[in-house]
Structure formats: structure tokens, C-alpha cells
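The structure appears right after this line, and notes come after that.
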Amino acid sequence: MRLYFSPLACSMATRIALYEADADASFVEVDAKTKRTLPGGGDFTEKSPLGLVPTLETDDGQLLTENAAILQWVADRFPKAALAPQDAAGRTRLVEWLSFIGTELHKAIFAPLLDKNAPEGAKAYALGKVEPRFRRIERHLEGRPFLLPKFSVADAYLVTVLTWTVATPIDLKATWPALAAYVKGVRTLPSVAKAFAEERELYAAEMARAG
Ligand SMILES: N[C@@H](CCC(=O)N[C@@H](CS)C(=O)NCC(=O)O)C(=O)O
């Protein structure tokens, strides 16, 4: 299978899941600005209509998009890695967290804050949404290492988006100590540490290319 990704973007959650599963996967970098694959590759919008990462091409040629779908697909494809609860109640909680991270954190807060072209009013509106949403996860993660009883694909997604706070006015350590401790703990997992180290290097190369 092949994961289309951009360095340190939300697609890193899928990389983490693939590392956890010890999956045989290749990784194709996408230039988020030009929507072309690197190095010197093709038009990524032929794979993903909106040109968004993650996009996962499976061994039987399916093209999957959307974090919540791809992460659950990886969890189901590699059940031994136990990246998703097997029981219905646990699965519902997983979908609840994936939806919360995708809509209430990723899109509602981080997308406007990280978009250089977003107007200041949009950024201020997004910052206004931080307190209740971060409080919800802060309370949930007090005394817990993971969102669910075990590490799951939802943690792979949450640690990825919370790391973006460094590029925003949100001070995780000062304001949200349980979230800061959660990120610190999850980043010690070998799969997560490896993904971050690799993607940090690719991100630095991307920044150097952009000048
Ligand atoms: N709804 C999509 C959103 C994916 C998304 O926003 N991806 C970002 C990276 S975190 C992206 O590809 N941005 C490039 C762009 O907006 O052109 C999902 O959950 O997978």
C-alpha cells in the first residue's frame, strides 16, 4: 500500500498507525502548494480530488481519503496491532474521538490558525473555540495515558494535531498540563518517535526548498 502524505500534516497519524502495525507500506510526499507528488512526480489531484492528504492507495487499487476512514481501515487491516477496540461500545468511542479530533480540533481550530491565507477574523474565531474543546480533552486525559484504555489510532491523530500548537498562540504547557503530559508520553512510543523524527527532517527540507 502507499500513503500520500505531507510532512507533519495530519497524514502523520496514518504513518504512525502503519508503523504500529509493522505494515509493508511506501510513502509518497505531496507538495501541498503545487499538489504534485515529489520528487518531480504527477498530479496528486488524480489520486485525491481535493488534493488532500492523507490518501491511501491499497494493494488492490482502492484510493481511500479522510483520516477517520483511513485510520480505521489500517486498524481493521492489521488486527494484531490492536489499534481499535474490537467490541461495539469501544468502537463507538473510537469513532466519537476520531470525529471530535477531525471536526472540533483539526478543522474548527487548527485549519484556520495554520492557514497563512485565513483572515485575522477567522483566526480569532478559531481561538475562541479553544477553551471548551481543550478543556474536554484535558479533563478526559487527566490521569490517563491514552484516549481509550489502550493506545489506538485516535491517539495517533490526537498527538499529531496537538503538536501543531507550537505554531499557534496556544501554550499547551502553561494552560493545558494534562495535554502537555499526554503529548510527551505518547511521543515516547517508538512508532510515534520514528514518525516525528522522519517527518521533521522532511519538513525542514520542504522549508529549505521554499526558501
Ligand atoms: N477531511 C480531511 C482533511 C484532510 C486535510 O485537511 N489535510 C490537509 C493536511 S493536515 C491538507 O491536505 N491540506 C492541503 C490543502 O488544504 O490544500 C481528512 O480528515 O482527511
**OP:** Using the heavy atoms of the protein chains and a 1.4 angstrom probe, tell me the accessible area per residue for segment 1-101 in square angstrom.
**Re:** 48
Subject >> segment 198-211 - phi-based ³J(HN,Hα) in whole Hz, Karplus 6.51/-1.76/1.60, Gly and Pro as x >> reply: 5, 6, 4, 5, 5, 5, 4, 5, 5, 5, 5, 5, 6, x
**OP:** Working with all protein chains in place, sort 106, 140 by solvent-accessible area computed with a 1.4 Å probe, largest first.
**Re:** 140, 106
Original post:
Magnitude of the Cβ-charge dipole of segment 61-211, K/R +1 and D/E -1, about the Cα centre, nearest 20 debye?
Top reply: 260
Subject >> Radius of gyration and maximum dimension Dmax of the chain, Cα, Å >> reply: 16.7, 49
Original post:
Which of the listed residues, 4, 166, 210, is farthest toward the dipole's positive end in the chain, when Lys, Arg count +1 and Asp, Glu count -1 at the beta-carbon?
Top reply: 166
Original post:
Are there trypsin sites (Lys or Arg not before Pro) in segment 59-120 that DSSP puts in a loop and that have at most 15 other Cβ atoms within 10 Å, and which ones?
Top reply: 116
Original post:
Projected area of segment 1-40, taken from the Cα convex hull and averaged over every viewing direction, in nm²?
Top reply: 2.9
**OP:** Indicate, rounded to the nearest 5 percent, the antiparallel portion of the DSSP beta bridges found entirely in the chain.
**Re:** 70
Subject >> Sulfur and carbon atoms: percent of accessible area, the chain [1.4 Å] >> reply: 56
Original post:
In the neighborhood of residue 181, defined by Cβ-to-Cβ distances under 13 Å, what is the net charge if each Lys or Arg adds +1 and each Asp or Glu adds -1?
Top reply: +2
Original post:
Per residue of the chain, what 222 nm ellipticity follows from adding -39500 (n - 2.57) for every DSSP H run with n ≥ 4, rounded to the nearest 500?
Top reply: -14500 deg cm²/dmol
**OP:** Sort out for me the Cα centre separation of segment 24-96 from segment 113-168, rounded to whole Å.
**Re:** 20
**OP:** Past 32 Å, Cα to Cα, is the threshold; run 123/150; 47/194; 150/173; 129/150; 47/107; 35/173 against it and keep the listed order.
**Re:** 123/150; 35/173
**OP:** Compare the Cα positions of 114, 98, 127 along the charge dipole of segment 88-139 (+1 at Cβ of Lys, Arg; -1 at Cβ of Asp, Glu; about the Cα centre) and return the one farthest towards the positive end.
**Re:** 98
**OP:** Kindly rank 53-66, 151-164 from highest to lowest mean number of other beta carbons found within 10 Å of each residue.
**Re:** 151-164, 53-66
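The values are calculated or read from the model by the stated rules, or taken from the named source; none is laboratory data. Computed from a prediction, not measured in an experiment: that's the story for all the values here. Methodologically, a virtual Cβ is constructed for each residue, glycine included, from the backbone with ideal geometry; neighbour enumeration extends over all protein chains shown. Areas reflect the complete protein model, heavy atoms only, side chains present, ligands, DNA and RNA absent. Shrake-Rupley method; radii C 1.70, N 1.55, O 1.52, S 1.80 Å.
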